[in-house]
Amino acid sequence: MGLITLYDILKDIVLILAIGDPKFKPLPTELEPDARLADLGLDGETLPIVLGVLKSRLDGRDVNVLAGQDPEIVRSWTLKPFLKSLKESIAAVVNAPITVYVDDEEENIFIFKRFFGKQLRLETFTDPEQAFAYIRSENAVRLVVTDESMPGLTGNSLCSAIRRIKPYLKFVLITGNPAGDQELIYNSLRHGRFHDVILKPIDLQGHGQEYLEMMLSLANGNPG
C-alpha cells in the first residue's frame, strides 16, 4: 500500500466523520507531505477517532501508531512521516501470524476475543468443519487453539485432520472434563499432538497473561 493510497483511505474516513461532527474537516484533495497533522485537524482528540475507524476496517486489529507517543510529538508530526509510521503499523498487523480459536459456544468465543483479540491476530469459529476449511486455505495460520468437546469434530479429530495437511502447525487443547480426559490429555501431550492443555473454565484473571505469552510464542514460531 503506497502513501497516496493510504492517504486516500484517510481522506475517506475523515470525510465521513466530518458529515456528522464539526470537529473534523475534510483533508486536502492532494497529498501534502509537509503539512502538519494539527493544521489538518488531526490532533489528540480527532486522530484516535480516525484510527478507531481504520481499526474497524482492519477487522478490529489494532493500529498502534500512537502507542507510547508523547502528545507533544504527535502535534508536531507532518503528514509524510505519520503516513510512513501508519503504513508500517498496518503491515505489521496484516502480516502477523494468525491464531485460530475453535469453540462451539458463542459465549466462550466472545470472552476469548475480548481478552486476547488486541494482542493476537485472531480468527474464531464455532463450527470445527468451517475452521478446518479456513485453516486448509489460509497460509498465515500458525496456531490452533481448540475445545475438545464439540459436535461434528472433537478437538483431537480436528487436530489430526489438520496435521495430515499442515504438520508444522502448533496446537493447544481446551477441555472442561479433566478427570474424564486424563488419558486423552496424557496421550495428546506424550505424542506431541498438543503443545499444552488449558482447563475450563479458563482462568483468565489468574493465568491470562501466561496463556497470552504462550500463544504469542507459538504463533511466532517459537517452541515455547
- Message: Quick check on the range 199-217: of everything there that is of a type in the set (A, V, I, L, M, F, W, C) and either assigned to a helix (DSSP H, G or I) or over 19 Å from residue 118 (Cβ atoms) (or both), which residue is modelled with the lowest pLDDT?
- Response: 199
- Task: Kindly indicate the residue of the range 75-85 that is surrounded by fewer than 18 Cβ atoms within 10 Å (Cβ to Cβ) and under 26 Å from residue 121 (Cβ atoms) and also farthest from the chain's Cα centre (by Cα) among those meeting that condition.
- Result: 81
- Within the bounds of the range 101-109, is there any residue that is under 20 Å from the mean Cα position of the chain (by Cα) and under 30 Å from residue 13 (Cβ atoms)? yes
- Would you check which residues across the range 18-54 are among the aliphatic types (A, V, I, L, M), surrounded by 18 or more Cβ atoms within 10 Å (Cβ to Cβ) and farther than 17 Å from residue 87 by Cβ and list them? 40
- Message: Condition first: within 30 Å of residue 168 (Cβ to Cβ) and of a type outside the set (A, V, I, L, M, F, W, C). Can you find one or more residues in the range 43-60 that meet it?
- Response: yes
- Task: Please name all residue pairs, on different chains or six or more residues apart, with Cβ atoms under 6 Å, provided the first residue is in the range 108-126 and is closer than 14 Å to residue 147 by Cα and the second residue is among the polar types (S, T, N, Q) and in a strand (DSSP E or B).
- Result: 109/124
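The values are calculated or read from the model by the stated rules, or taken from the named source; none is laboratory data. Nothing here was measured: the structure is a model prediction, and the numbers come from that model. Every residue, glycine among them, receives a Cβ derived from its backbone with ideal geometry; neighbour counts consider all protein chains shown.
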